[in-house]
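Trainee: There's a structure below that I have some questions on.
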Amino acid sequence: MKKFLDLGLQPLANSYLLKKDLNRKEKKFRLSVGFDEKKYLVSILNTVPKEKMFNENYPYKSSESYTMKKEFRKLSEKIKKKFRPNMVLEIGSNDGAFLKNFNKKNIVGVEPCRNLANITKRKGYKTFCEYWDSKLAKIITKDQKIDLIYSANTLSHIENYSEIFKAVDLALTNKGVLVLEDPSLLECLKNGAYDQFYCEHVYVFSAIALQKIIDPFNLEIFDIENTRTHGGSNRYFIKKKNNNFYKVSKNVRNNISKEMKFGLHKFTTYKNFSRKVVKSKIKLNKLFNNLLKKNKNIIGYGATAKSCTVLNYCKIKKGAIKYFYDTTSFKIGKYLPGSKIEIKKYKKLNKEDTDIVYLGAWNFKDEIFKKEKHFIKSGGKFITHIPLPKII
Ligand code: JHZ
């Protein structure tokens, strides 16, 4: 693994602080990112034990976003029509935003964060509050194997992907399909989205890397869809190699050639990216400093895990952002890790309260701009660092 990017000392991205803990020293780890030239795999170099991140205090809820709910609804309709699965399983079912589109008899969730698994259980969906592995796969499929396994924004969080694919092979019927969805490395590099790297994102995948890592598990990608969620993601459709029911689509070849053309197989591409990241940091600081000189009242919108990387890496001046607005119940009243900026319950933006808003949830820009059209009409502005720091 060759290191190409150093994002400094970082706290755990989703460890929001209570007011009483503000003076306590936070545990930090070095966030650096590397490239494996054999596997074409990009990953962070110091990993954090999963139990420290995915436990009963996990704050992120998929159901909080209109965009995600809409995407899950659309995808589940497509899955039902195209694959007609009798039994579906979701790895990392969070608070049930995807599960809820299926009949309770036909789907099962796996979610290690107890607070989230409990929400789904309360909705009446069978959910195993465990980490997905071969042992659990055997228990779940004792009587019936799975026709379709779905997992969004989860594989990139799991260091030991071998165990995941072993368990998938055990659980899936021979004609079964695995659908994986994660941020696209190509989009991440194109957008300068270095904030896709934080403790939870052990990997940011490309199609060329995923193809290599699933090969030893008798699995192959037969289709890829590019989606706009989370700043540009890939949805991979995967089957067992000896399943001739599905033909390999030309989308696979097209995605791979796009990635090779961009140079995702070459270390120099990543070194160039890291130079751009350093420039982005300098520019973002300049932008904040200029606004503060003009006494602008700046707040943040969307206290994302990604914001943790940006605020701590760029060392944004204390007090530069007065507070963040967020809709997530688990985050409200707490403080962002590292920067210790307060998170307040979301209120519609108003020019009287703020001049300019830092877009922490830049990946939901369209949804947010629609919601805040009055603020925008009245001259309200946003700061974004994607693809480069600027005011919009
Ligand atoms: P969002 C999390 O990352 C963590 P984050 C995790 N590691 C991951 O991979 C992705 O999710 C999938 C708020 N918001 O989705 C809600 C508003 O307040 O970009 C969320 O706190 N108002 C699992 O945290 C945050 O922004 C709004 O109108 O980087 C969005 O977080 C909208 C749209 C969002 O993920």
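The values are calculated or read from the model by the stated rules, or taken from the named source; none is laboratory data. Nothing here was measured: the structure is a model prediction, and the numbers come from that model. Cβ sites come from the backbone with ideal geometry, for glycine too, and all protein chains shown count toward neighbours. Accessible surface is based on the protein model in full, side chains and every heavy atom, while ligands, DNA and RNA are left aside. Shrake-Rupley method; radii C 1.70, N 1.55, O 1.52, S 1.80 Å.
Trainee: Cβ-Cβ distance below 8 Å, separation of 6 or more or different chains: which pairs start in the range 44-68 with a residue that is among the β-branched types (Val, Ile, Thr) and end on one that is modelled with pLDDT under 95 and more than 8 Å from the ligand (Cβ to nearest atom)?
Mentor: Note: pairs meeting the criteria are 67/229; 67/366.
Trainee: Residue 213 fails exactly one of the following numbered conditions: (1) open to solvent by less than 10 Å² (accessible area, probe 1.4 Å); (2) free of Cβ contacts under 8 Å to residues at least 60 places away in the same chain. What is the number of that condition?
Mentor: Checking residue 213 against (1) open to solvent by less than 10 Å² (accessible area, probe 1.4 Å); (2) free of Cβ contacts under 8 Å to residues at least 60 places away in the same chain, the one that fails is (2).
Trainee: How about the range 301-320: which of its residues are small (Gly, Ala, Ser) and either more than 10 Å from the ligand (Cβ to nearest atom) or closer than 15 Å to residue 193 by Cβ (or both)?
Mentor: 302, 305, 307, 319, 320
Trainee: With 272, 255 as the choices, which residue is open to solvent by less than 70 Å² (accessible area, probe 1.4 Å) and under 19 Å from residue 187 (Cα atoms)? Step through it out loud before you land on a result.
Mentor: Values: 272 fails: open to solvent by less than 70 Å² (accessible area, probe 1.4 Å).
Just a single option satisfies the conditions, and that option is 255.
Trainee: So, one more: Looking at (1) touching a helix residue (DSSP H, G or I) at 6+ places or on another chain (Cβ under 8 Å); (2) on the phi < 0 side of the Ramachandran plot; (3) within 16 Å of the ligand (Cβ to nearest atom), which one does residue 115 not meet, given that it meets all the others?
Mentor: (1)
Trainee: What's the number of the only condition in (1) surrounded by fewer than 21 Cβ atoms within 10 Å (Cβ to Cβ); (2) over 17 Å from residue 88 (Cβ atoms) that residue 198 fails to meet?
Mentor: (1)
Trainee: Another question, if that's okay. If you go through the range 338-357, how many residues are within 12 Å of the ligand (Cβ to nearest atom) and not basic (Lys, Arg)?
Mentor: Qualifying residue count for the region: 4.
Trainee: Pick from 138, 212, 166, 142: which is in a loop (DSSP other than H, G, I, E, B) and away from the ligand (no atom under 15 Å from the Cβ)?
Mentor: The unique qualifying residue is 142.
Trainee: Which residue pairs have Cβ atoms closer than 6 Å, lie 6 or more positions apart in sequence or on different chains, and pair a first residue in the range 159-183 that is crowded, with 22+ Cβ neighbours inside 10 Å with a second residue that is modelled with pLDDT of 95 or more and of a type in the set (D, E, K, R)?
Mentor: Final answer for the pair search is 167/133; 176/147; 177/239; 181/235.
Results for (1) within 28 Å of residue 41 (Cα to Cα); (2) aliphatic (A, V, I, L, M); (3) in contact (Cβ under 8 Å) with a residue 24 or more places away in the chain, shown as yes or no for each residue.
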position: 276; (1), (2), (3): yes, no, yes
position: 301; (1), (2), (3): no, no, yes
position: 322; (1), (2), (3): no, no, yes
position: 332; (1), (2), (3): no, yes, no
position: 339; (1), (2), (3): no, no, yes
position: 345; (1), (2), (3): no, no, no
position: 357; (1), (2), (3): no, yes, yes
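Trainee: Here's a follow-up. Please go through the range 148-194 and pick out each residue that is basic (Lys, Arg) and either in contact with a strand residue (DSSP E or B) (Cβ under 8 Å, 6 or more places away or on another chain) or under 22 Å from residue 245 (Cα atoms) (or both).
Mentor: Within the range 148-194, 166, 175 qualify.
Trainee: Got a sec? Which strands (runs of 3 or more DSSP E) wholly within the range 17-123 have at least 1 residues that are among the small types (Gly, Ala, Ser)?
Mentor: 29-36, 41-44, 107-110
Trainee: Return only the number of the condition from (1) exposed (fewer than 15 other Cβ atoms within 10 Å of the Cβ); (2) over 19 Å from residue 279 (Cα atoms); (3) touching a residue at least 24 places away in the same chain (Cβ under 8 Å) that residue 3 does not satisfy.
Mentor: Residue 3 satisfies every listed condition except (2).
Trainee: Working only within the range 289-348, note down all residues that are of a type in the set (A, V, I, L, M) and either assigned to a helix (DSSP H, G or I) or open to solvent by 60 Å² or more (accessible area, probe 1.4 Å) (or both).
Mentor: Those that are of a type in the set (A, V, I, L, M) and either assigned to a helix (DSSP H, G or I) or open to solvent by 60 Å² or more (accessible area, probe 1.4 Å) (or both): 291, 292, 305, 310, 311.
Trainee: Let me ask you something else. Let me confirm something: among 119, 107, which residue is of a type in the set (Val, Ile, Thr) and free of Cβ contacts under 8 Å to residues at least 24 places away in the same chain?
Mentor: It is 107.
Trainee: Give the residues of the range 218-240 that are at pLDDT 95 or above, open to solvent by 40 Å² or more (accessible area, probe 1.4 Å) and closer than 14 Å to residue 164 by Cα, sorted by residue number.
Mentor: none
Trainee: Quick one: how many residues across the range 32-78 are farther than 26 Å from residue 160 by Cβ, open to solvent by 60 Å² or more (accessible area, probe 1.4 Å) and more than 18 Å from the chain's Cα centre (by Cα)?
Mentor: 4
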